[in-house]
Structure formats: structure tokens, C-alpha cells
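Written below as C-alpha cells is the structure these notes are about.
We did not get these values from a lab; they are worked out from the coordinates using the rules stated. Keep in mind that what you see is a predicted model, and the values were worked out from it rather than measured. All Cβ positions, glycine included, derive from the backbone under ideal geometry; neighbour counts span all protein chains shown.
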Amino acid sequence: MASSTSNSTSFTPDSALDLLFSPELISQEVRNAMHPDVHIRPLASTDYRRGHLEVLSVLTATTDPGEGAWVSHFEALRAAPRTYYTLVIIDKHSDQVVGVGTVFLERKFQRGISCVGHIEDIAVDEKQQGKKLGLRIIQSLTYISENSGAYKTILNCSDKNIPFYQKCGFEKKENEMARYT
Ligand code: ACO
């Protein structure tokens, strides 16, 4: 996986990046609560070079598809407007990704043509855990989901992460079923 080897100590501003969605969709309240050393923004088309996959690998085994396939996948997500919202948290000193998370919106015929927000792939760099970055990611994704009209926002997690999601305002409901191929 490619990480930038740049010695730059300033992060790239949103205005200089090609982003997955408008940064205006991120809650100002969450921005104000962020630690001053980090910045939250939508995934950018160049985040392969900022260690996006390395942070995702904290969650599960992550194979590197190569930069070309990564960028094609980014474009595929963006080609489905108002559906995929992937956020990253950037360390302002290194310009590297230290946290990631996604909410995608599933459109429903029920509840007056409403939608459900599905939170997926939450991960925080091991060295940065315990600094409320996970909480800020979940708050931001929930804000996007609720402001998009979702009547509920849901996720699957292991038993060990239940206390974290409870602290983020979620409650345990029903069961998960899975079939792997
Ligand atoms: N058990 C109990 N409490 C926890 C746990 C836990 N496993 N993790 C966090 N908390 C608590 C914190 O102590 C804090 O409580 P406080 O407000 O009383 O101080 C609160 O939850 C918020 O914690 P954060 O500092 O925001 O958590 P962090 O930034 O470390 O992120 C995360 C949590 C995302 C689970 C991180 O530890 C991580 O990346 N883990 C590995 C990958 C993973 O398991 N991701 C979630 C998969 S589920 C999914 O993707 C839908």
C-alpha cells in the first residue's frame, strides 16, 4: 500500500482536492469539537497516497488493489450521487489518513419513500485510538444520514464494540445474519 513519503508538515486544504461529496454536508458542531491536530473531510481521489488502506486494515485484512483500481472504485462510488458518504480524518501534521468511516443510503418504498443509513467500515489508526476520533466519525455520519432524511441509521458490530456504539447513542436491536461466498 502506498503511503506518501513527503516531509510536508501542512495538510492539503479541501479546496485543492477532488472530493467524493461536498464538505458542507459535515456537521459544523462536529468540526468545532475536533481536536486541533486533525481535520475531517470527505474522501479525496488522492487518499490512496495518504494511507487510506492502511487505516482500513485496522478493521480487517485489506488487500491493496493498486492505485489505478482504487481510483476507479472512488469514481464508481461518486457515480452514484447522494448514496456513498465516506469520511476521513486527516492528521494535519503528516497529511495522512488516521480515521475512516462510511454511511451509504438505501432508498426505501416504505415510510413515505424514505431511506435507511447504513454505517460501514469504521476504523481509527491504532496510535490515535481513544482520542474521540471514532466518536466524531459516527457523529458526522449520523448527521449526514439524518439530514438526508433517513428514518433510521444502523450498523453491525462485534460484541466488543457494543459499548463504543452505545456511547455514540446507538442501541442493540435484533440480530445479524450472514452468508459468505
Ligand atoms: N469498549 C468500551 N468502550 C469503548 C470502546 C470499547 N471497545 N472503544 C471506545 N470506547 C469508548 C471510549 O472509551 C470513549 O468513551 P468516553 O466518552 O467515556 O471517554 C468512547 O467510546 C468514544 O471512543 P473514541 O475515542 O471515539 O474511540 P476510538 O477513536 O478509539 O474509535 C473504534 C473506536 C472505531 C472502535 C476504534 O477502536 C477502532 O478502529 N477499532 C478497530 C476497528 C473496529 O473495530 N472498527 C469498528 C467496526 S464496526 C463497523 O465498522 C460498523
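Taking Cα atoms, how many degrees apart are the long axis of helix 133-147 and the longest axis of the chain, rounded to 10 and kept between 0 and 90? For helix 133-147, the angle is close to 50 degrees. Mean residue ellipticity, 222 nm, helices only, the chain: the sum of -39500 (n - 2.57) across DSSP H runs of n ≥ 4, divided by residue count and rounded to 500, is -7000 deg cm²/dmol. Quick check: the angle from helix 67-78's long axis to the longest principal axis of the chain, C-alpha only, nearest 10 degrees? Helix 67-78 sits roughly 40 degrees off the main axis of the chain. When peptides 102-111, 132-141 are ranked by their average number of other Cβ atoms within 10 Å per residue, the highest-first order is 132-141, 102-111. Around the amide H of Asp18, modelled in the peptide plane, lie the amide H atoms of Ser45, Thr46, all under 5 Å away and 5 or more residues distant in sequence or on another chain.
For the chain, divide the Cα radius of gyration by the Kirkwood radius and give the resulting Rg/Rh value with two decimals.
0.95
The stretch 129-146 and the stretch 9-73 have Cα centres lying 14 Å from one another. Label-to-label distance for Arg107 and Lys172 is 3.6 nm, based on points extended 7 Å past Cα in the beta-carbon direction.
Dipole magnitude for the chain: computed about the Cα centre from +1 point charges on Lys and Arg Cβ and -1 point charges on Asp and Glu Cβ, it is near 540 debye. Taking 0.36 nm per residue of separation and subtracting the Cα-Cα distance, full extension of the segment from Glu29 to Ala76 would add 13.9 nm. Running a GNM on the chain with Cα contacts under 10 Å, which residue among Thr153, Thr12, Thr63 ends up with the highest mean-square fluctuation? Maximum fluctuation in the GNM of the chain, among the listed residues, is at Thr63.
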